[in-house]
Structure formats: structure tokens, C-alpha cells
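S.K.: This structure is in C-alpha cells; I'll ask about it shortly.
The values are calculated or read from the model by the stated rules, or taken from the named source; none is laboratory data. The shown structure was predicted, so the numbers you read here are calculated from the model rather than taken from an experiment. Because the Cβ atoms are built from the backbone with ideal geometry, glycine has one as well, and the counts that use them run over all protein chains shown.
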Amino acid sequence: MAEGNGVLIVAEAAGSDLRPVSLELITAGRQLADALGGGVTAVIGGMAIEDAAQRLAAAGADKVLVADGDAFADVTAGVWTALVTQAIERTQPAAVLIPGTTAGRDYAPRVAARLGVGLAADCVELAVEDGAVVAVRPVLGGRVQTAVKLAGNTPQMATVRAGSFERATGSDGNGSVELIDVSLSDDDTRVKVLELVQEAAAGQSLEGADRIVSGGRGLKEPDQFKLVEDLAAALGAAVGASRAVVDAGWRPHSEQVGQTGQTVSPRLYVAVGISGAVQHLVGMQSSDYIVAINRDPDAPIFKIASFGIVGDLFEVVPAVIDEVKVARA
Amino acid sequence: MHIVVLVKQVPDLNTLKIDHATGKPVFSGQKATSSFDEYAVEEALRLKEKAGGEVTIVSAGPPTVKEVITRALAMGVDKAVQVTLPDPNALDTLAVAQVLTGELQKLSPDVVLAGQTSDDEQTGQVGPQVAELLGWPHVSAVTEIEADGEALKIQRDTEDGKQIVSVAPPVVLLALTGQNTPRLPSIKGMMAAKRKPVEQVEATVPKTKSRISWSEPKSPERSATGTIVQDVPPAEAAKQLVGWLKENKLL
């Protein structure tokens, strides 16, 4: 066992900034490192990410490894598998935590296969028992959870669902920052990113949003989604959507909350015309306060709502918007 | 172009119940094709229609996987390999990937398609691990595939928007559920399926010990006891909600 070598976390850059999940992994990594021994090392790849790297050090990473350059401008599974595998070989950690993002879910299984070790996917809780990482993760559409125990091989690997841990808020850490070289083969770079079509950049991003208003099939038509946008504007919230309306093409995937979209845990989550299919619930059920507005009293969303209104959303939502405006005036 | 689709049979989640006393799932015994894999089959058929070639389905599991194979053949897949795994639930994802990789090496496809994740275990690991073992690249979260000369132009969904990537086969592609509705098997398709070749294979299970172990699933405990407002005029319901928001300092 590589006892004492601590925990390696993979941070993700968003432009020159950090994705919030990176700071959550510092918290999770510290928790495991305290039990397993050693410190927390973060690795990050990207282009012109010096500030992001410094922020990781300030937030509490003992050491930050940085792969900076053209080769890391786009996140692809091939390049990141090489990057993360080489960071593991260099640091020999007892455990590795990877964000449960589109990218993280992509390279984590490849790294685990390359090293021949186990991987617990999409974990929401982590603990250590007798030196083994035990992770709680949702299965069967998120209606139930299972505890997965990693055994034997080092490193023990897990991907961590966004929103499962508090963000590290430190700002006076003085971890070291070190540039690393990553050797890439032709096989690692066979997928070329041609372009990124950004959608709905006007709205507030779901990631890290404090309040979210989401709409579903109950809105009946794409145009009616304006009700959700108006309520979000009144509450100062970001706009989310269910898989049904994203699949139907009403809303962009970047707004999708749920199993194949984003996992969110805002302070306030308002579900409008969303029945609460399991794949949606799994993405928002850890929100602090959940408000549901739906016509169907038997909709599963009411089972997890802190405040529910059974009624016609086309009447209820405009009334709520008016009341919120009065309250905020 | 030879396209192989990997398909998993899962418990039908629409008929899954939770025993509220114990928090444990109660399975109806009904099974289904994992929803993401159904989209993978559709994408494979569309790619064949555009670029020509042949589509083979590979499904590993207990003998009942025959049902998902028959369905895919009825949708238009050309042939099948049915891999019998003695105790699939005892295998970790890497062991399953090793079994599937063995079959893929015999079939030598240009493109392997699979669902982004499975409806039951939800690890999303087998696809990328098959690609790793084959030494091929993979692209996940795929919503559209276009043949572009020797290469494939692929559209995928990410947190930051739609990304377009290019990759030359051989490649593993993982399909998201999306705007392409999977076709339903036709009567004619179902008749034709009976005559399509299905190769039977007994899997040689890797001898390595499972790298992970897992407990029996249980529903997470929730303490939320919510206020539900019903049969109240909209204006009154809105007032109560805003009062509650204020009370909890959410406004």
C-alpha cells in the first residue's frame, strides 16, 4: 500500500477559472487523506491556467501539478487518460478522486483499466474502513443507493458527483505549484475537437447556482417555457430543464438536470411541471429546499418537496411571480 | 463499415417498486433493453443507412438476453452474438469489458456503439474500458454521427454546450438518449429476426478477484416532510408559498 502518499484529486478548469466541483474535491480529498495518511495533491490541465492552479493551492491543496499548454486546450478522454495516469505514477497516491463531469466520467474508467484497479462511479459519500475506501452511490435510476467497497489494489479510485461535498473555501493556503510534462502518443490524440457551440449563454449557469427554477413537460409547449424564465428572473435564479423537454429539443442540454445532465444542490430548487422521474430526482434531490408546482397530486416530485402546490401551473406561476415581485419591491 | 452494438439487458425500471418498510427494491421480474443502448442500436442503424455495411449486436448476460437480441434484430440489426455469463452480477466492470473485448477482437468492427451508461448499475464504465482494452479512442455523450470521408464527425453534449469532434475509425462511440427516437420493431422485422444468425458463446470469465464489492441497494433516508397546498385558489397558494420562502430566508 502506498500509505502516506495521500490523495490525488483531479481538478477541472473552466476557461482560466475552476469548475466549482474542483473545490468540492479538495474537501473530499482532505477527508480521505486524514484517514489514509498523507496530503492532498491536485492535478489540473488546460491552457493559461496559472490562476486556477494558484486558487487550488490557496484553497487547501498541499501540492498542485499543472499541465499547461496547447495540448490541453480541449479535454479529450485520450489526453486526460495519459495526464491522470502519469500524475498517479508520479505521486503514487493511496486514492484518486475525479469529478463526475462529462469529462471525468470519460477518462476515469480508462485510467482504472490501464492500471487494473477498481473504480467507484458517481459517488455521493465517501468514507474509509480499515484502509479501504467505501463509497455510497446511486443505482437503479437513483431510487436506491449501494455502498461500494474498493479493495486490494492501489490506487483506490472514485468519481464524485458534483454537489456532494462542500466547497473548500480557504484562501490562505500555501501549497506548492509545479509544472509537469506529460508525454502524449499519437493514440492519445486521435479525437480532434472541431468546435463548441455554446447555447443559451445569456442565462445564469446551473453549476454552483444558489437558486434554480426548472421546467418540464407540464409546460406543454416550448413557448410556455417563458413562465419558467420569468419566475427564475423574479427569484434571481438559474434556469433548468427536465430530460423530457431537452430530448424534445425545447431547451439546450446545458440546462438539463438529472442523471445524464447536471447534478445540482442549490439552496432553493423550484420544479415547475416536472413530475419527478427518477432520472430527474437523482440530479436535484440534495437541494436544501425543494418547491414543486404540479397538477398531479400523485407526482413523485411531491414526495421530496419541502413545499408543494397542487394546481394548474399556468395559473399558479404567474400568481407566484406577482407575489415575489411584491415581496421584493 | 462493420458496426457492433453492445447491448445490456436490465430490470424494467418502470415496474420497479421500493418496499418502504425495508427500503429495498422489489423487482417485478420484467426485463428491458437499457434505454441508452436502445439509442445506440438506432444510431448504428442510421449510420449503416448512411455509410453502408453491417450491424452486429453483442449482448452478454444470463440466457434471457436473447430477448434484447431478438428485439434488436427486429429493429433491423443483421446478426448477433449472445454471450452467456454464468454469474454476471459477480463481475466488476473491467471483467465485463474483458469478456466483451474478447468477442470484439473476433468480430473486428470499424465502429463499436454502446449506450452512455446502463439503467441499473449506472457506472458508465464498460464502454470506455472496452475502448481502453482495444487500444482505441472513444467518444461519449454522442447525439449525432455523420460519415465525413474516412473520418466520422460526431456531435456530443457537454456541460459547456454542443461539441463537434472528428475521429477516424476504429472507435468506440457511447450514445446519449436524444432526439432520434429509436424505431419500434415492425411485424415484418420480427418475422425476419427469426431467420437472422445468432452465434452462441460461453464466456470465459477472467480469473482476477473483483476489484470492488458492493452492498445490497437500499433507498436513501429522507427527512423532508413537506407542506402540500391543494384545492386552494392560485393567488392564495402563491401567497402561502411566498410566505414560506420568506420564513426560510429564501427571499
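Each row is one residue, and each column tells you yes or no for (1) surrounded by fewer than 17 Cβ atoms within 10 Å (Cβ to Cβ); (2) at negative phi; (3) facing chain A (nearest Cβ under 7 Å); (4) of a type in the set (F, W, Y).
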position: B:G127; (1), (2), (3), (4): no, yes, no, no
position: B:R156; (1), (2), (3), (4): no, yes, no, no
position: B:A192; (1), (2), (3), (4): yes, yes, no, no
position: B:R211; (1), (2), (3), (4): no, yes, yes, no
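S.K.: Can you find even one residue in the stretch A:12-28 that is under 18 Å from A:E129 (Cβ atoms), part of a helix (DSSP H, G or I), touching a residue at least 12 places away in the same chain (Cβ under 8 Å) and in contact with a strand residue (DSSP E or B) (Cβ under 9 Å, 6 or more places away or on another chain)?
M.R.: To start, the set of residues in the stretch A:12-28 that are under 18 Å from A:E129 (Cβ atoms) comprises A:28.
If we keep only those that are part of a helix (DSSP H, G or I) as well, we get A:28.
Those still in the list that are touching a residue at least 12 places away in the same chain (Cβ under 8 Å) too: A:28.
So of that shortlist, the ones also in contact with a strand residue (DSSP E or B) (Cβ under 9 Å, 6 or more places away or on another chain) come out as A:28.
Within the stretch A:12-28, one or more residues are under 18 Å from A:E129 (Cβ atoms), part of a helix (DSSP H, G or I), touching a residue at least 12 places away in the same chain (Cβ under 8 Å) and in contact with a strand residue (DSSP E or B) (Cβ under 9 Å, 6 or more places away or on another chain).
S.K.: So how many residues does the stretch B:213-251 have that are more than 7 Å from chain A (Cβ to nearest Cβ) and surrounded by 15 or more Cβ atoms within 10 Å (Cβ to Cβ)?
M.R.: Going through the stretch B:213-251 one residue at a time, the tally reaches 3.
S.K.: Do you know which residues across the stretch A:37-48 are surrounded by 24 or more Cβ atoms within 10 Å (Cβ to Cβ) and either closer than 15 Å to A:V133 by Cα or not small (G, A, S) (or both)?
M.R.: Across the stretch A:37-48, the qualifying residues are A:V40, A:T41, A:V43, A:I44.
S.K.: Within the stretch B:198-217, does at least one residue satisfy the condition of being touching a residue at least 12 places away in the same chain (Cβ under 8 Å) and closer than 24 Å to A:P300 by Cβ?
M.R.: Step one: filter the stretch B:198-217 for residues touching a residue at least 12 places away in the same chain (Cβ under 8 Å), giving B:198-206, B:208, B:210-212, B:216-217.
Retained after the next criterion (residues that are closer than 24 Å to A:P300 by Cβ): B:216-217.
Scanning the stretch B:198-217, I find at least one residue that is touching a residue at least 12 places away in the same chain (Cβ under 8 Å) and closer than 24 Å to A:P300 by Cβ, so the answer is yes.
S.K.: Next question, about the same structure. Of the conditions (1) touching a helix residue (DSSP H, G or I) at 6+ places or on another chain (Cβ under 7 Å); (2) more than 24 Å from A:Q256 (Cβ to Cβ), A:G116 satisfies every one except a single condition; which number is it?
M.R.: With respect to (1) touching a helix residue (DSSP H, G or I) at 6+ places or on another chain (Cβ under 7 Å); (2) more than 24 Å from A:Q256 (Cβ to Cβ), A:G116 is out only on (1).
S.K.: Right, another one. I'd like to know if the stretch A:16-23 contains one or more residues that are more than 30 Å from B:V96 (Cβ to Cβ) and at pLDDT 95 or above.
M.R.: Yes, the stretch A:16-23 has at least one match.
Quick grid of which residues meet (1) within 24 Å of B:T181 (Cβ to Cβ); (2) within 9 Å of chain A (Cβ to nearest Cβ):
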position	(1), (2)
B:L113	yes, no
B:S118	yes, no
B:W136	no, yes
B:A141	yes, yes
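Quick grid of which residues meet (1) assigned to a helix (DSSP H, G or I); (2) touching a Cys at 6+ places or on another chain (Cβ under 8 Å); (3) among the charged types (D, E, K, R):
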{"site": "B:V10", "(1), (2), (3)": "no, no, no"}
{"site": "B:A21", "(1), (2), (3)": "no, no, no"}
{"site": "B:P25", "(1), (2), (3)": "no, no, no"}
{"site": "B:R46", "(1), (2), (3)": "yes, no, yes"}
{"site": "B:A60", "(1), (2), (3)": "no, no, no"}
{"site": "B:K66", "(1), (2), (3)": "yes, no, yes"}
{"site": "B:I69", "(1), (2), (3)": "yes, no, no"}
{"site": "B:V77", "(1), (2), (3)": "no, no, no"}
{"site": "B:A80", "(1), (2), (3)": "no, no, no"}
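S.K.: So, in the stretch A:106-138, exactly how many residues are over 24 Å from A:L83 (Cα atoms) and more than 17 Å from the chain's Cα centre (by Cα)? Break it down stepwise before answering.
M.R.: Filtering the stretch A:106-138 down to residues over 24 Å from A:L83 (Cα atoms) leaves A:124-132, A:134-138.
Cutting the leftovers down to more than 17 Å from the chain's Cα centre (by Cα) gives us A:127-132, A:134.
Final tally of qualifying residues: 7.
S.K.: Let me ask something additional. Inside the stretch A:232-311, counting only strands (runs of 3 or more DSSP E) that do not spill past its ends, which hold 1 or more residues that are closer than 18 Å to B:S35 by Cα and of a type in the set (V, I, T)?
M.R.: Qualifying strands (runs of 3 or more DSSP E): none found.
S.K.: So, one more: Could you please find all residues in the stretch B:158-178 being among the charged types (D, E, K, R) and either in a loop (DSSP other than H, G, I, E, B) or buried (at least 22 other Cβ atoms within 10 Å of the Cβ) (or both)? Before you say what the answer is, go through the steps one by one.
M.R.: So the first thing to find is which residues in the stretch B:158-178 are among the charged types (D, E, K, R), and the list is B:159-160, B:162.
The answer is B:E159, B:D160.
S.K.: Would you point out which residue out of B:V68, B:V55, B:V81 is over 16 Å from the mean Cα position of the chain (by Cα), β-branched (V, I, T), more than 28 Å from A:V117 (Cβ to Cβ) and buried (at least 23 other Cβ atoms within 10 Å of the Cβ)? Write out each step before concluding.
M.R.: Details: B:V68 fails: over 16 Å from the mean Cα position of the chain (by Cα); B:V81 fails: buried (at least 23 other Cβ atoms within 10 Å of the Cβ).
Going through B:V68, B:V55, B:V81 in turn, the sole match is B:V55.
S.K.: Could you check the stretch A:84-110 and list, in sequence order, the residues that are more than 10 Å from chain B (Cβ to nearest Cβ) and touching a Phe, Trp or Tyr at 6+ places or on another chain (Cβ under 7 Å)? Can you show your working first?
M.R.: Step one: filter the stretch A:84-110 for residues more than 10 Å from chain B (Cβ to nearest Cβ), giving A:84-99, A:104.
A:V84 - this is the single residue of the stretch A:84-110 that is more than 10 Å from chain B (Cβ to nearest Cβ) and touching a Phe, Trp or Tyr at 6+ places or on another chain (Cβ under 7 Å).
Here's the yes/no breakdown for (1) in contact (Cβ under 8 Å) with a residue 24 or more places away in the chain; (2) surrounded by 24 or more Cβ atoms within 10 Å (Cβ to Cβ); (3) assigned to a helix (DSSP H, G or I):
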| site | (1), (2), (3) |
| --- | --- |
| A:I98 | yes, yes, no |
| A:D106 | yes, yes, yes |
| A:V111 | yes, yes, yes |
| A:R114 | yes, no, yes |
| A:D122 | yes, yes, no |
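S.K.: Another question, if that's okay. Could you list, in sequence order, the residues of the stretch A:137-153 that are at pLDDT 90 or above and in contact with a Pro (Cβ under 8 Å, 6 or more places away or on another chain)? Show your work before the answer.
M.R.: First pass over the stretch A:137-153, keeping only residues at pLDDT 90 or above: A:137, A:146-150.
A:T146 - this is the single residue of the stretch A:137-153 that is at pLDDT 90 or above and in contact with a Pro (Cβ under 8 Å, 6 or more places away or on another chain).
S.K.: Of all residues in the stretch A:19-36 being surrounded by 22 or more Cβ atoms within 10 Å (Cβ to Cβ) and of a type outside the set (G, A, S), which is farthest from A:V264 (Cα to Cα)? Walk me through how you get there before you give the answer.
M.R.: First, the residues of the stretch A:19-36 that are surrounded by 22 or more Cβ atoms within 10 Å (Cβ to Cβ): A:19, A:21-26, A:28-29, A:32-33, A:36.
Now narrow it down to the ones that are of a type outside the set (G, A, S): A:19, A:21, A:23-26, A:32, A:36.
Details: A:R19: 13, A:V21: 11, A:L23: 15, A:E24: 13, A:L25: 15, A:I26: 18, A:L32: 23, A:L36: 29 Å.
Among residues in the stretch A:19-36 that are surrounded by 22 or more Cβ atoms within 10 Å (Cβ to Cβ) and of a type outside the set (G, A, S), the one farthest from A:V264 (Cα to Cα) is A:L36.
S.K.: Any idea how many residues of the stretch A:214-245 are out of contact with any Gly (no Cβ under 7 Å at 6 or more places or on another chain) and within 18 Å of A:A277 (Cβ to Cβ)? Walk me through it before giving the result.
M.R.: Going through the stretch A:214-245, the residues out of contact with any Gly (no Cβ under 7 Å at 6 or more places or on another chain) turn out to be A:220-224, A:226-227, A:229-237, A:240.
Still in the running and within 18 Å of A:A277 (Cβ to Cβ): A:220, A:240.
Residues that pass the stated criteria total 2.
S.K.: Conditions: (1) part of a strand (DSSP E or B); (2) within 21 Å of B:A203 (Cα to Cα). B:S140 meets all but one. Number of the miss?
M.R.: In the conditions (1) part of a strand (DSSP E or B); (2) within 21 Å of B:A203 (Cα to Cα), B:S140 misses (2) alone.
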